[in-house]
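The values are calculated or read from the model by the stated rules, or taken from the named source; none is laboratory data. The structure presented is a predicted model; accordingly, all values stated were derived computationally and were not measured. With ideal geometry, Cβ positions are generated from the backbone for all residues, glycine too; neighbour counts draw on all protein chains shown. In case anyone asks, the SASA skips ligands and DNA or RNA and just uses the protein heavy atoms, side chains included. Shrake-Rupley method; radii C 1.70, N 1.55, O 1.52, S 1.80 Å.
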Amino acid sequence: MMGDPKEPGAEASPSGAAARGGLSLLSQAESEEPSAQGSALFLGGNEVKSRAVVKYSSAPPRTAFARLEEKTDLKLPPANWLRESAKLGPAGTTILGNSKKSKPFSSFGMAYDFIDSVGNDVDVVSDSENIKKLLKIPYSKSHVSMAVHRVGRTLLLDELDIQELFMRSSQTGDWTWLKEFYQRLIDQKWQRKKKSKEHWYQKAILSKFLYYSINGDGAAQPVPSSAEQQESSSSDQTHDSEGASWPAPFEMPSSVSEDPSASSQGREPLEPSCIVGHVASAPKEQNLTTLFNDGENSQGLKNDFVRNILWTFEDIHMLVGSNMPIFGGGRYPAVSLRLRDNNKPINVLTGIDYWLDNLICNVPELVMCFHVNGIVQKYEMIKTEEIPNLENSNFSTKVIKDIAQNILSFLKSNCTKEGHTYWLFKASGSDIVKLYDLTTLCEETEDKYQNPFTMPVAILLYKVACNMMMKKNQNKKHYGTIRTLLLNCVKLLDKSRHPQIIASANYMLSELFQLDEPKKEENSDSPLNENSDESYSEEEEEMPDSDENGSYSTSCDPADDNKAVAIIKSVGELSVPEKYKSIHQIRPSCAFPVCHDTEERCRLVLSYVLEGLKSVDSSIKKESDLPAADPSTPIPLKYEDESTRGAPEGLEKQMALFLDKMGSLQKGNCSGQSGMTPGSWQHKMKLQLILKSSKAYYILSDAAMSLQKYGRALRYIKLALQSHDTYCCLCTNMLSEVLLFLSQYLTLCGDIQLMLAQNANNRAAHLEEFNYQTKEDQEILHSLHRESSCQGFAWATDLSTDLESQLSVSCKCYEAANEILQFSDLKSQNPEHHVQVLKRMGNIRNEIGVFYMNQAAALQGERVVSKSVSAAEQQLWKKSFSCFEKGIHNFESIDDATNAALLLCNTGRLMRVCAQAHCGAEDEFKREFSPEEGLYYSKAVDYYLKALRSLGTRDMHPVVWDSVNWELSTTYFTMATLQQDYAPLSRKAQEQIEKEVSEAMMKSLKHCDIDSATARQPLCQYRAATIHHRLASMYHSCLRNQVGDEHLRKQHRVLADLHYSKAAKLFQLLKDAPCELLRVQLERVAFAEFQMTSQNSNVGKLKTLSGALDIMVRTEHAFHLIRKDLMEESDQPKNDGATPAVDSSPNLNREEVIKLLSIFESRLSFLLLQSIKLLSSSKRKMSSNTEEDAVLQTNKQIYSQLLRATANRNSTLLQRIEVIICLLEQLASGSSGPSDSAVP
């Protein structure tokens, strides 16, 4: 049963319904009514679910109907007939059934208004009359002719009035092909059928009855002439043209204007938000340009229904237009009024008609007025749920439900191609229903654009796509659907006639691919990988499944086999429950294309951009076509109020100054060369397309950069900058985000130029990649050249072969990128990008500084004749120093202490290069450490110390810290070494020099980390050992040359001994410094010999000799290392079959080894001889000492062997080394105890 009659909600808009529909609200009185959202009917035990929600209504508040007195003559016109009434409002004539019949595009008018529902939530959009006609097919013998269109999962149904169509064909010849097809296959003797007088009589009497039924006098001004003309339609004249206003195929309406002030002729209650243009321009986030203005309003297709209802019948969701008059008030809140001839009983068709009307409009009761020859007899009230059980009008609501489900399944499974016009046709008296694809039939004719449905369908596809694009939160999962909608839209349109729509559709297609988002192809849950079930692509059209009864077989008549898409052999099949349910589920087939790499994605975007640009360019008159300007007529200029601009004031001026500074401002070319009017759709669309192309090329360049394809990357960034240059040339209102793009492009360009400079070896391959260009790129560039010379940033994208030039261009790119960020508030809005730009500026300045520093070092190495520093060198120093200084400032401004430390370190290195340039000013023999060298080394030390202060602690960046420490240690060491080797005795005293050398060496030692287990540890150990060795040698020398102060001599003796022992220990840790270890030990022995000369007692001398021999024994480790190297060297000829080089071991200098070995042999011989002498003399004086005897005996043996070995001139170096090792081993064992071996 229906709900309480007090809350019928017949026309009530549920709370928020108008908002959800996105259209105008109901009138105040109507919106205040109770808001029942729907009802369920239970009829004859079979449940039929029906729910109706009014989405829009232009009807006035309902008034109670006036019950006419018996014997009222309806043939007489009432006083208010065809006159407007305050109670009826502007929709009065429509609501009382006197309007023109619905247009052939009525479903499109509704679809445009409720774009949210199309393609997604709703199964069918149609006039209620068409819905009723379809559901009555099994009961009716009358003909059915409907156009069916698919948009996503939604079907649009419109009456296809063949008679009106063919009348038009006779006048214009547009539909000749369909007329011929119809006559050939369906009705060979077609002729226009005139409607009977009875038809017009019944129509007039119903109109008068409804006007009589209005409460009150209703007298008002006369109705408009169009309504009066309707009265005359009761004559025999053929006024069928009253409803079917067919637009000419593919003609743009005369109201098209670029003047946005042109307003729509639509009814007042509808806001202009339903027009295509508004939908297109609404999603500002998507940058969708305005496509149509109000005047165009989708070819004038309007929603002419009094009310639009979202009707859910079982599981079928329909958007239905209805003009049924509804009365209410009093005890009947909502009733439908019907006039019936008492002599004609109600039949099934009439019953179904009344029942469906009430269900669709959610009206609980029906009031029937019976008349005989226009004289009122009586009234009868019938509840809606009782209508199916009326006498002579019995029908099963369950069967109606089955018919609805079967017809929907049949249409959905066969009308699969979006953009195609299907024709559902059943001839009068026939049981066969046929479905034809008119688009395919039309394409077989000469002019495939003769189908008048093409334009409305294309616009609807476009609007649905626009609407989906607006829904930012969920549009990704609909990308497949949006893409299919737009591709089908473009396919329908003639490029030469509709460039605006095609350009806009292509731009939206390019917007589907989000270039600035990370790829998600690998993720199977990605919405881009999901198939969408809301649209169907023509490539994957699904063939209908045949059920067991073979209902879908098309083998009916031989003539139909080739033309009909599908056939229902008998209308009786539609009443069979779930007859076509097997094909109700349709396979999704419009998955969004998965682009597995960035290049593929960008290439797709660019292909759409190119199509859009072609459309725009084709619509712009060529310069030669433009009329010549009249010199006496002033040229009108469009000025813009500064306050309405989107960009900050003065931004354009700043940009112009910047471009002028960069050498890229094109004078007199700010509006493009093609003649586009600023503000026109072409201008706006081209701007958007060009910006999109620049982004795509930027992404391509970035991707090529990551693949190390630097030539390709430079080509793409060149195209990106050319696109941007054209954009700047055309744009009258510069946006800050566009400037940010330019900053990013220049930053990437700087990166590429730097990488090209660093990869000069592959220059030929990079050049080849740079010069290659695809046809697509050439065509896009051609379109850009129509507006601009595209040379604005040519300086940044030249592929130079000169390293200095490449580095300089890279630096200029970064500087330009940084300068752009100073405009407006970009720096604070994009802090991350600003930091990256400054970091890159610091880095490139470091690179250039190092480049100039290396050049200066190279010039210094080439100096032969002139010993003085050249002006060229000094110039290079200045350039290098300037770059380092600016780079340090860049890094310090972003608190990048690590990189600032590295640049300070490089500045220190530059100071060392300067110091080295000042050495050798005099002859090598007269060479002294100059003041200039000292000055530059001191400056180097200062910069290294600043670098350490910048880092703070080693924990901040251990690698950089160790590197700076090492360089600082090296600087101190070099200073000390030069002062020691080339002592400036002409300027300083020996003692002062020794003091300065000692201090510098100790500082070097302080910054030389020998304990940390790093890769540099062996170097540090070697450096420390060398420092100790040099200091020991210096104190040893002082001791030799010094006379007098005994305290100072003692101090020098202690320091020399200390440093010698430390040097020996450190050299012993190293495996590749045996010669250094040997030299240190020999110097220690010499130091012992020097001490022995000042000793008088034999005991003291013996003790010193014993210590010296002990040092000799400890050199055994060095000899083992030398022997190992020599043995490896001797093995080489066996392995390689080649004669060994003189110095085949990389770590061994043979000449030095021979020299040191000779010294060692002589010193060992001397020490052994002195030892033997002293021991022998002490033995004679003193009583026998067993220990001393053993030592003496051993020393004699060793001395004897040593004399024999040195006397043998034929011994090889290796043999001599082995003899020494053997002797040292004996000496080691002999010194610890008596030896048993006899003297050979």
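What to note about this one:
- For K49, the residues whose modelled amide H falls within less than 5 Å of its own, excluding neighbours fewer than 5 places apart on the same chain, are E314.
- 3J(HN,Hα) couplings calculated from phi for region 1104-1115 with the Karplus curve 6.51 cos²θ - 1.76 cosθ + 1.60 (θ = phi - 60°) are, in sequence order, 5, 4, 4, x, 5, 5, 4, 4, 4, 4, 6, 7 Hz; Gly and Pro show x.
- Surface exposure of region 992-1036, expressed per residue as accessible area with a 1.4 Å probe, stands at 45 Å².
- A cut-off of 5 Å between modelled amide H atoms, ignoring neighbours fewer than 5 places along the same chain, links I214 with A66.
- Spacing of the modelled spin labels on A872 and N1149, each 7 Å from Cα toward Cβ, amounts to 3.4 nm.
- Whole-Hz couplings from phi, Karplus 6.51/-1.76/1.60, listed for region 877-886; x for Gly and Pro: 4, 4, 4, 4, 4, 4, 5, 4, 4, 5
- Pairs of Cα atoms nearer than 8 Å and 6+ residues apart set the relative contact order; for region 918-1009 it is 31 percent.
- Sequence-ordered 3J(HN,Hα) estimates for region 962-979 from the Karplus curve with 6.51, -1.76 and 1.60 and θ = phi - 60° stand at 4, 5, 5, 4, 5, 5, 5, 4, 5, 4, 4, 5, 5, 4, 5, 5, 5, 5 Hz, glycine and proline given as x.
- Taking all protein chains as they are arranged and a probe of 1.4 Å, the heavy atoms of R67 leave approximately 150 Å² accessible to solvent.
- Summarising the amide proton neighbourhood of L160: residues at separation of 5 or more, or on other chains, whose placed amide H is nearer than 5 Å comprise S145, M146, A147.
- The trypsin sites (Lys or Arg not before Pro) of region 830-914 that DSSP puts in a loop, and whose beta carbon has at most 12 other beta carbons within 10 Å, are K867.
- Among F65, F1087, the order of accessible area from largest down is F65, F1087, computed with a 1.4 Å probe on protein heavy atoms.
- Cα gyration tensor shape for region 716-854, rounded if a/c is under 1.5, else prolate or oblate: oblate
- Mean Cβ neighbour count within 10 Å, used as a protection proxy, ranking 1104-1116, 1008-1020 highest first: 1104-1116, 1008-1020
- At R0 = 25 Å, FRET efficiency that the Cβ-Cβ distance of H785 and N759 yields, to 0.05: 0.20
- Heavy-atom accessible area ranking, 1.4 Å probe, most first, across E1218, E892, E1076: E892, E1218, E1076
- Expressed as a whole percent, the accessible surface of region 868-973 that belongs to carbon and sulfur atoms is 53, based on a 1.4 Å probe.
- Accessible surface for region 296-439, divided over its residues, is 27 Å² per residue with a 1.4 Å probe.
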